[in-house]
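Here the structure comes first, spelled out in structure tokens, and everything after it is commentary.
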Amino acid sequence: MTEAAQPRCDWATSAPEYIAYHDDEWGTPLHGEASLFERMSLEAFQSGLSWLIILRKRPAFRRAFADFEVDAVAAFGADDVERLLADAGIVRNRAKIEATIANARAVRAAAPEGLDDLLWSFAPTGPRARPQTLAEVPATSPESKAMAKELKRRGFRFVGPTTAYALMQATGMVDDHVATCWRAA
């Protein structure tokens with residue numbers, strides 16, 4: 001079966017970037033501090049925008065945010081904020097830029113167990129019914145609400161329940177590939 005003929009989740013068929021992201025990343029368990037911090041940050045930047053915009057700007061985000069190395073981003077100061085606000089390669093939103101820096105600092109200050117263990121502690125356990133259609137995919141879950149509440153308590157920003165659920169989907173904590181998708185096999 002050719003790449004174009006593979007059955008996919010409906011959201012993933014309109015652009016090559018979506019196809020690659022869907023086929024290679026979305027719903028695949030992801031671990032590692034920098035990788036999880038990147039996904040958390042990109043999900044926050046996506047808020048209110050198309051995910052396709054974020055995917056297309058992802059290389060620039062990586063350059064701008066030191067490959068999402070937590071210690072490097074936590075050390076960013078006012079000059080870095082101004083540099084990022086001038087970078088046309090990324091989404092230039094002061095609140096989201098400042099939240100990314102604050103979240104890096106929160107990883108160090110408020111997550112002594114490590115970001116990986118913290119985030120994955122909210123992954124649902126046990127079997128879950130696979131969605132039959134995109135309409136059955138929730139925007140939040142009890143676990144994403146709990147994750148958002150705990151992250152906010154620890155000083156994280158731009159981590160509401162919907163963003164937390166998108167993070168859970170992106171990192172494979174939940175697998176919302178619809179039943180007809182080849183990735184659901």
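The values are calculated or read from the model by the stated rules, or taken from the named source; none is laboratory data. None of the values given here were measured: they were computed from a predicted structure. As a convention, Cβ positions derive from the backbone with ideal geometry for all residues, glycine included, and neighbour counts pool all protein chains shown. These area figures cover heavy atoms from the full protein model, side chains too; ligands, DNA and RNA do not enter into them. Shrake-Rupley method; radii C 1.70, N 1.55, O 1.52, S 1.80 Å.
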* Expressed as a rounded percentage, what relative contact order does the chain have, with Cα pairs under 8 Å and six or more residues apart? -> 32
* Cβ-defined net charge surrounding ALA66, 12 Å radius [Lys, Arg +1; Asp, Glu -1] -> -2
* Considering only protein heavy atoms and a 1.4 Å probe, what is the carbon-and-sulfur percentage of the accessible area of region 134-185? -> 56
* Selection of GluC sites (Glu not before Pro), region 1-92, meeting DSSP coil and at most 16 other Cβ within 10 Å -> GLU3, GLU25, GLU69
* **Of ASP67, ASP79, ASP87, the one that fluctuates the most in a GNM where the chain has Cα springs shorter than 10 Å** => ASP79
* Roughly speaking, what is the centre-to-centre gap between region 9-25 and region 69-109 when only Cα atoms are used, to the nearest Å? -> 28
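Expressed as a whole percentage, what fraction of the accessible surface of region 1-123 belongs to carbon and sulfur atoms when a 1.4 Å probe is rolled over the protein heavy atoms?
Reported share for carbon and sulfur atoms: 52 percent.
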* Structure fact -> CD proxy, 222 nm, the chain: helix-only mean residue ellipticity via -39,500 (n - 2.57) per DSSP H run with n ≥ 4, per residue, nearest 500, stands at -15500 deg cm²/dmol
* Partner lysines for LYS57 [C-alpha distance under 19 Å; skip if fewer than 8 residues away on the same chain] -> LYS96
* Using a ≥ b ≥ c from the Cα gyration tensor of the chain (square roots of the eigenvalues), is it rounded, prolate or oblate, where a/c under 1.5 gives rounded and otherwise the larger of a/b and b/c decides, a/b for prolate? -> oblate
* Structure fact -> accessible surface per residue for region 13-139, probe 1.4 Å, DNA/RNA/ligands not counted, whole Å² -> 48
* Structure fact -> Which of ALA109, ALA34, ALA44 fluctuates most in a GNM of the chain (C-alpha springs under 10 Å)? That residue is ALA109
* So what J values fall out for region 31-48 if you push phi through Karplus, 6.51 cos²θ - 1.76 cosθ + 1.60 with θ = phi - 60°, rounded to Hz, Gly and Pro as x? -> 10, x, 4, 5, 5, 5, 5, 4, 4, 4, 5, 5, 4, 5, 5, 5, 3, x
